[in-house]
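What follows is a short report on a single structure.
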Amino acid sequence: MLSRSFITVGRSGMEAALVAAFACACLAGCGSTIERNGIANAAIAEKAEIPGLANVRHWADEVPTDPISEIRKRTPHMPTLGNAATHIKGRPQIETLALSGGGSDGAYGAGVLAGWTERGDRPEFEIVTGVSAGAIIAPFAFLGPQYDQALKVIWTEYQQSQVITAQFLPGLFGGSALSDTTPLAGLIAKYVDRPMLDAIAAQYQRGRILMVLTTNLDAQRPVVWNLGEIARDPSPEALELFRKVILASAAIPGAFPPVNIDVIADGKHYEEMHVDGGTTRELFVSPVQAPLKAFDVLYSAPPVRRMFIIKNGKAVPEQQVVQQTTLKIAARSISTLIKSQSWSEIYRIYRLALDGGADFNFTSVPEDFDFKTDQIYDPKYQVALYERGMAVGKAAAG
């Protein structure tokens with residue numbers, strides 16, 4: 001079990017993003033709407049698939065009656081789950097890393113991983129999941145310590161203008177957001193290239209799983225994407241989809257534009273609107289909602305399980321005098337709602353681990369980190385947070 005220091009951010013740029021999102025929502029009725037070919041019927045939405053890439057995603061809120069069949073359906077080209085895992089007295093040791101959302105607070109998770117590498121006992125995770133900021137980190141964390149430097153650059157060396165550009169008036173008068181994330185899409189494309197997908201596909205073939213979460217806003221449902229299954233497809237369309245999914249998972253509604261994903265259902269083409277996975281779920285640890293012991297039959301022997309949860313943000317309540325303005329009150333209320341939802345998810349995962357006999361390890365930004373910023377992406381803030389994360393990663397008791 002990790003120490004509390006690896007277990008527990010002043011106010012970060014996330015609040016600025018929430019203010020922007022709420023402002024956009026308040027004025028959503030202004031201007032013209034952007035028409036698209038969305039799916040209006042829930043029954044049709046159930047049938048929708050990515051053209052040429054079947055079984056690469058599924059609803060995250062489903063509770064299957066036969067979880068083993070569902071796992072096999074959702075990982076059709078992967079050999080035995082955990083095939084490459086370390087064995088302890090004949091039992092595979094399955095280690096899961098879950099990375100939460102948190103906007104620019106993702107610098108914390110990147111720092112924790114780098115510090116953990118320096119400590120020398122960072123495991124090779126059999127399962128890596130990411131939501132929002134965590135979705136940006138997840139592919140790098142999945143591939144291992146050799147990608148720590150790339151994560152450091154991504155989370156500490158870019159200016160806000162290199163990540164997003166403001167488009168306030170278009171956002172208020174008919175646009176889809178108050179910012180343009182074309183620079184962020186370019187940043188993702190710079191690092192998420194075909195060699196990275198080939199490396200992820202190779203690990204998928206070893207029995208390791210990489211998953212991220214988006215929210216299908218049309219359906220109001222969370223969607224889990226099996227990035228290993230996408231990565232094994234050599235087509236340019238697979239690379240484009242992989243990048244889109246990561247961008248969508250980090251798309252804070254209202255602040256950042258949604259990502260439209262092409263699907264086909266009943267022979268017809270549609271566009272699904274996907275946004276920040278944290279809209280529906282801040283954390284997840286399993287490709288299927290079922291007790292951990294239900295998956296024991298997938299392994300050569302009942303596994304030893306360890307879960308590591310990194311929350312990119314503070315878990316504890318933060319006292320703050322809220323300015324009595326509409327946007328500040330709304331932003332504070334939304335951030336409070338997110339924090340409350342996050343605690344519910346953390347507790348659910350803790351109970352899942354406890355009931356399944358798994359070791360549960362949790363870290364969040366330490367309570368005494370008090371660096372302040374009003375920017376969505378502030379390199380000075382993120383350097384300080386990254387360094388704090390490194391200190392936590394180095395000091396954590398394994």
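Taken one residue at a time, the phi angles of the stretch 213-226 give Karplus couplings (6.51, -1.76, 1.60, θ = phi - 60°) of 10, 10, 10, 7, 5, 4, 8, 6, 9, x, 10, 9, 10, 8 Hz. Gly and Pro are set to x. Note on the stretch 191-209 and the stretch 210-257: Cα centroid distance 16 Å, given to the nearest whole angstrom.
How about residue 47: which lysines have a C-alpha closer than 20 Å to its C-alpha, ignoring those fewer than 8 places off in the same chain? List returned: 73, 268.
Set against the labelled values [x] 5, 24, 35, 26, 10, 1, 0; [y] 4, 21, 30, 25, 14, 5, 1, 0; [z] 5, 22, 31, 27, 13, 2, 0, P(r) over Cα pairs in 10 Å bins from 0, in percent computed from this structure falls on [x].
Of the whole protein surface, residue 66 contributes about 70 Å² of accessible area at a 1.4 Å probe radius.
Less than 5 angstrom separates the built amide H of residue 93 from those of 86, 87, 88, 304, all sequence-distant by 5 or more or on a different chain.
For the stretch 106-129 and the stretch 298-327, what is the separation of their Cα centres, given in Å? Here the answer is 16 Å between Cα centres.
Could you provide, to the nearest whole Å², the per residue accessible area of the chain with probe 1.4 Å? Numbers along the way, then the final one.
Details: 16580 Å² over 398 residues.
Spelled out: the 1.4 Å probe surface of the chain, per residue, equals 42 Å².
Counting only protein chain heavy atoms and rolling a 1.4 Å probe, the accessible areas of 87, 58 rank, largest first, as 87, 58. Listed by chain and number, the lysines whose C-alpha is less than 21 Å from the C-alpha of residue 190, apart from same-chain residues fewer than 8 away, are 152, 244.
Sum -39500 (n - 2.57) across every DSSP H segment of at least 4 residues in the chain, then divide by the residue count to get the 222 nm mean residue ellipticity, nearest 500. Could the numbers behind the result be given before it?
Working: 13 runs with 155 residues, N = 398.
One gets -12000 deg cm²/dmol as the mean residue ellipticity at 222 nm.
Shown for the chain: the carbon plus sulfur share of the solvent-accessible area, taken with all protein chains present and a 1.4 angstrom probe, equals 56%.
The values are calculated or read from the model by the stated rules, or taken from the named source; none is laboratory data. Keep in mind that what you see is a predicted model, and the values were worked out from it rather than measured. SASA here: full protein model, heavy atoms, side chains in, ligands and nucleic acids out. Shrake-Rupley method; radii C 1.70, N 1.55, O 1.52, S 1.80 Å.
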